Amino acid sequence: MELFWFDNYDEALKNAMQNRRPVLLQFDVKGCGGCKKLYSYTYLDEKVKEELDKYFTLLRLDIVKERDIRRKYNAFWTPSFYFLDYKGNLYYHFHGYFPPTELRILVRVGFSETSIPKGRFAEAKEFLNKDFEELEDNILAPKILYQKGMIDYLHDRDNKKFRALIKFVKKKYPQSPEASQYFWDE
């Protein structure tokens, strides 16, 4: 399967609205080393392709040529990734090249960040849970757990459950930023 990337901002937003999916905007530029590695390695990974195709409307723009859009999102680096709704509202972004596993984790976070404010908890949680056992030993895995904890808390307001999750993260991933978010006194 080959990934289909829109190269027109308005067309991508229209497609996202029709398909009820967030837009994953990637900025690139000629000569970008991280972009070349994405195209020659990360985007060739079957799971990356499957997940990007299923969960996003993909949009790739040249950061130099698309000045107005670059300014709209304060974009300055390539590759960079912006998670938008169909109206072009920004919910999450990150910069730089990532190998397949790390990208799979970060796009889950981006998807959930666009879904949670819209109350689409089940969709976000489904993607966060997908293949988690393959991702759980990665240094970025606590990001997924934290997102799942937020969804659960927003859904059922169970403080004890959220606290237990962060305590688990603190124990399993003690060096993660998410572990440092445990603020309760014992």
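The values are calculated or read from the model by the stated rules, or taken from the named source; none is laboratory data. Note that the structure is a prediction, hence the values are computed from the model and not measured. Here Cβ is always computed from backbone atoms with ideal geometry, including for glycine, and neighbour counts include all displayed protein chains.
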**OP:** Could you give me the residue pairs with C-beta distances under 9 Å whose first residue belongs to the range 44-60 and is part of a helix (DSSP H, G or I), whose second residue is of a type in the set (D, E) wherever it lies, and which are 6+ apart or on separate chains?
**Re:** K47/D131; K47/E134; K49/E2; E51/D131; Y55/E123
Original post:
Would you pick out the residues in the range 147-185 that are crowded, with 19+ Cβ neighbours inside 10 Å, under 22 Å from H93 (Cα atoms) and out of contact with any Ser or Thr (no Cβ under 9 Å at 6 or more places or on another chain)?
Top reply: G149, E178
**OP:** Exactly one condition in (1) under 16 Å from F183 (Cα atoms); (2) touching a residue at least 60 places away in the same chain (Cβ under 8 Å); (3) among the β-branched types (V, I, T) is not met by T114; state its number.
**Re:** (1)
**OP:** Might you let me know whether the range 102-119 holds any residue that is over 15 Å from the mean Cα position of the chain (by Cα) and closer than 23 Å to H155 by Cα?
**Re:** yes
**OP:** Considering only the range 20-43, state which residues are over 28 Å from E133 (Cα atoms) and outside any helix (DSSP H, G or I).
**Re:** F27, D28, V29, K30, G31, C32
Original post:
Only one of (1) assigned to a helix (DSSP H, G or I); (2) acidic (D, E); (3) over 30 Å from A16 (Cα atoms) fails for E134. Which number is that?
Top reply: (3)
**OP:** Among the residues of the range 61-77, write down those that are part of a helix (DSSP H, G or I), surrounded by fewer than 16 Cβ atoms within 10 Å (Cβ to Cβ) and of a type in the set (K, R).
**Re:** R67, R71, K72
Subject >> Criterion: basic (K, R) and over 17 Å from the mean Cα position of the chain (by Cα) - qualifying residue of R21, R71 >> reply: R71
Original post:
Is it true that R120 is over 22 Å from K37 (Cβ atoms) and buried (at least 16 other Cβ atoms within 10 Å of the Cβ)?
Top reply: yes
**OP:** Go through K167, K161, K87 for me and flag whichever is of a type in the set (D, E, K, R), over 16 Å from the mean Cα position of the chain (by Cα) and part of a loop (DSSP other than H, G, I, E, B).
**Re:** K87
**OP:** Examine the range 86-104 for a residue that is within 25 Å of A179 (Cα to Cα), of a type in the set (S, T, N, Q), crowded, with 18+ Cβ neighbours inside 10 Å and at pLDDT 95 or above, and state whether such a residue exists.
**Re:** yes
**OP:** Considering only the range 10-49, state which residues are of a type in the set (F, W, Y) and farther than 18 Å from Y92 by Cβ.
**Re:** Y39, Y41, Y43
**OP:** Would you mention how many residues in the range 67-104 are within 18 Å of G34 (Cα to Cα) and not basic (K, R)?
**Re:** 19
